[in-house]
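Student: Take a look at this one; I'll ask things after.
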Amino acid sequence: MAGRFKPRSGMRPNLRSWIRTAGVTIVTASALAGTPVQLAQSGRPASSSLPAPGSLFVLDGGNLSGVGAPGITEFAPGASGTAASTATTSSTAGLYAPMAMAPDPSQNGDVWVANFKSASGSIAEFSAGQLAGGGNAAPIAQILPDSASSLNQPDGLAFDARGDLWVANSTNNGLYCNAGSIIEYTAAQLAQLSATNDSPTPAVTIQVYGGSTCPSNTISDPWGMAFDSSGDLWVASKTTGLVAEYTPAQLAQSGAPSPALMITSNGGSLEQPTGLAFDPAGNLWIANTPSFTTPNSGWLVEYTTAQLAQLSATNDSPTPAITISSDGSGGIGAPDGISFDSGGNLWVANYTGSNGNGSVAEFTHGQLAVSGSPTPATLIAANATGSNLSGPAGLVITPPPPGYWLVASDGGIFSFGDANFYGSTGGMTLNKPIVGMAATPDGKGYWLVASDGGIFSFGDANFYGSMGGTVLNKPIVGMAATPDGKGYWLVASDGGIFSFGDANFYGSMGGTVLNKPIVGMAATPDGKGYWLVASDGGIFSFGDANFYGSMGGTVLNKPIVGMETAPYGEGYWLVASDGGIFSFGDANFYGSTGGMTLNKPIVGMAATPDGKGYWLVASDGGIFSFGDANFYGSMGGTVLNKPIVGMARLSGVL
């Protein structure tokens, strides 16, 4: 079976949703791709209050010993632990020892919650409006056990690419081997839920091992779940300390199939695994929780896509590529839910048990690059009474909205998708034409740059300076913003760099004889470096920007006109005026217009936040989408006052 696993760079599920794991959310803007799953046929009320992009919702189980009240707490983007709204729902209203939470795949802002202890268990749905309003709220829909008691202490949820809901039933909280199960409710069944239809029979039931003892390499007490990009379901077996994979074929019908693959412990690397999450690059992260009552006792491990691809019956105990343990601050206490935001940062819900000392911690992508005990970049701790975050069990992070802007040489702005219009220079008399643009991190503003270095700021984009009025050796051809939006760089065709705000200068090609002029630039994700690209495809790297290859010295059909960096800064794309794409590092190729007859030449590109796709834009405003990049509209076929010269997409930074 070695090599059967398909890394996430392959085909994406056709689901406009957040990819959800049990007690775990993998939040990627790429998961917004595809046709929305419609779950509104039942006439259940639609949500009118959508959360802000980047909002963090924490499911508080209240812990199993009854300390603290169960609830769902919202933390506003960048609020550093300040609760924007707390929806504390009593057990009679739909929450009783909840252990997992999943966002509704229709992306309407609703969430689904697995109640571990409610008779035999239950699943409850709460609307975005209820989450925003706070207070006690009865669920707008729920699933109760059917006559066969199909629900039995559920502690894991995951939506598949069709919008079907999968539930992990642990049965006995991992205290001993038990007849746990994994069950499926289809999107159609969810759509028909009502007060008189709340106990549907699962469409599929996968039985796992049940017995008085726990033989090795068996599934017992299924907990966290996560779907990979191939539609395979990965399940954490808490009692037996392993992670198992089931293929779509195995999930197509009820039964008791043996897992297709397993990951077992290597020298204690896995012990009572709970939460699972795939990062944006397709690597599998596993939370280990030997004790729910002992703070700082858990750890996280990573298995890379390469390791997953090599799993087999005789190779099921690889050494984790990365191990992250606690630094003693509570950032990794008793981890249950783990969640990646679209920036590749990992959030951890620590359910530390009966002492009411729960927490939520964030670890940056950079902190996850090496094994160790890093101090959390963000730590949200329980309050003094333990009534808030007394037992965090699951996380949901709202993704950045999809959309993009196009800019014309007169500064005209054309907005598509959820990208809002904040102003333009269209209709103004400019000293020199606009040559590029950059968006602010929160997508609520943008800068335009002219060939004389003039800067025009709109929305929440602040002005930090310009080269307007200064005599330049060569014209400006592009710009890039710093990660926090508090600065930017301008680049001239001779490779000269001009830094403003908190954008540091790391070097330039100014004063160096170039084979061809510079046509664009891109900054590294941490803002500590940048690349310049010339029209012959030559790449010039500065600061912490690594060189991954170039087209310099290669005969091109058409000149390079722009570049885009991969999400982690470990690769980049170059685009030519005929739409040819050249990929380097971990930037994958998803298609191009090279070889096609275009009405007008390509002038720029933008990548999706997770790097699993990109858009190309032509000078007539035509848009070409590849990979998980959705098409939200274009100006193709519309008469423009001036040609399009560039584009920017809504940021994936949360």
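Student: So who's got an amide H within less than 5 Å of the one on ALA100, skipping anything under 5 residues away but keeping other chains? H placed 1.01 Å off N, in plane.
Tutor: The list, which skips near neighbours in sequence, is ALA114.
Student: Something else now. Roughly to the nearest percent, how much of the accessible area of the stretch 288-349 is carbon and sulfur, given a 1.4 Å probe? Intermediate values should be presented prior to the final figure.
Tutor: Numbers: 910 of 1740 Å².
Roughly 52 percent, rounded to a whole number.
Student: Calculate log10 I(q)/I(0) of the stretch 247-308 for q = 0.17, 0.19 Å⁻¹, where I(q) comes from the Debye formula with a single equal point scatterer on each Cα and nothing for solvent.
Tutor: Values returned for q = 0.17, 0.19 Å⁻¹ are -0.74, -0.86.
Student: Within 15 Å, Cβ to Cβ, of GLY495, how many net charges do the neighbouring residues add up to if Lys/Arg are +1 and Asp/Glu are -1? Before the final figure, lay out the partial values.
Tutor: Numbers: positive: LYS474, LYS516; negative: ASP494, ASP536.
Charge balance near GLY495 sits at 0.
Student: Can you check how the C-alpha radius of gyration of the stretch 290-373 compares to 2.2 N^0.38 Å, as a plain ratio? Please report the intermediate quantities before stating the final value.
Tutor: On the way: Rg = 14.0 Å, N = 84, 2.2 N^0.38 = 11.8 Å.
Dividing the Cα radius of gyration by 2.2 N^0.38 Å gives 1.19.
Student: Could you tell me the extents of the stretch 109-148's C-alpha atoms along the three principal axes, largest first, rounded to whole Å?
Tutor: 35, 16, 12
Student: For a Förster distance of 30 Å, can you work out the FRET efficiency between the beta-carbons of ALA306 and ASN504, rounded to the nearest 0.05? The partial results should precede the final answer.
Tutor: On the way: r = 35 Å, r/R0 = 1.15.
So, using R0 = 30 Å, E works out to roughly 0.30.
Student: Do any chymotrypsin sites (Phe, Trp or Tyr not before Pro) in the stretch 552-581 lie in a loop, going by DSSP, with at most 11 other beta-carbon atoms within 10 Å of their beta carbon, and if so which? Provide the component values of the computation, followed by the final result.
Tutor: Values: sites: TYR568, TYR572, TRP573; in loops: TYR568.
Nothing satisfies the criteria.
Student: Okay, next question. Tell me, what ³J(HN,Hα) does each residue in the stretch 302-307 have, in order and in whole Hz, if you take phi through Karplus 6.51 cos²θ - 1.76 cosθ + 1.60 with θ = phi - 60° and put x for Gly and Pro?
Tutor: Along the stretch 302-307, the couplings run 10, 10, 6, 4, 5, 5 Hz.
Student: Next question. Cα-based Rg of the stretch 370-521 per 2.2 N^0.38 Å, rounded to two decimals? List each step's numbers first, then the result.
Tutor: Working: Rg = 20.4 Å, N = 152, 2.2 N^0.38 = 14.8 Å.
Compared with the compact-globule rule of thumb, the stretch 370-521 sits at 1.37.
Student: For TYR246, TYR590, give the ranking by accessible area with the largest first, probe 1.4 Å.
Tutor: Ranked list, largest accessible area first: TYR590, TYR246.
Student: Another question, if that's okay. Amide H of VAL204: which non-local residues (sequence gap of 5 or more, or other chain) have their own amide H closer than 5 Å, using H built in the peptide plane?
Tutor: Excluding prolines and chain starts, which carry no amide H, the hits are GLU184.
Student: Expressed in nm to one decimal, what extension gain is obtained for the pair ILE322 and LYS516 from 0.36 nm per residue of sequence separation less their Cα-Cα distance?
Tutor: 65.6 nm
Student: For the stretch 422-470, report the convex hull volume of the alpha-carbon atoms normalised per residue, in Å³, without decimals.
Tutor: Numbers: hull volume 3.2 nm³, N = 49.
Spelled out: Cα convex hull of the stretch 422-470, divided by residues, is 66 Å³.
Student: Kirkwood Rh, Cα Rg: Rg to Rh for the stretch 485-611?
Tutor: Across the stretch 485-611, the Cα-based Rg/Rh ratio is 0.96.
Student: Can I ask one more? Note down the accessible area of LYS486, probe 1.4 Å, to the nearest 10 Å².
Tutor: 120 Å²
The values are calculated or read from the model by the stated rules, or taken from the named source; none is laboratory data. Please read these numbers as outputs of a predicted model, since none were measured by experiment. Glycine gets a Cβ as well: all are built from the backbone with ideal geometry, and neighbour counts include every protein chain shown. Note: areas computed on protein heavy atoms with side chains; ligands, DNA, RNA excluded. Shrake-Rupley method; radii C 1.70, N 1.55, O 1.52, S 1.80 Å.
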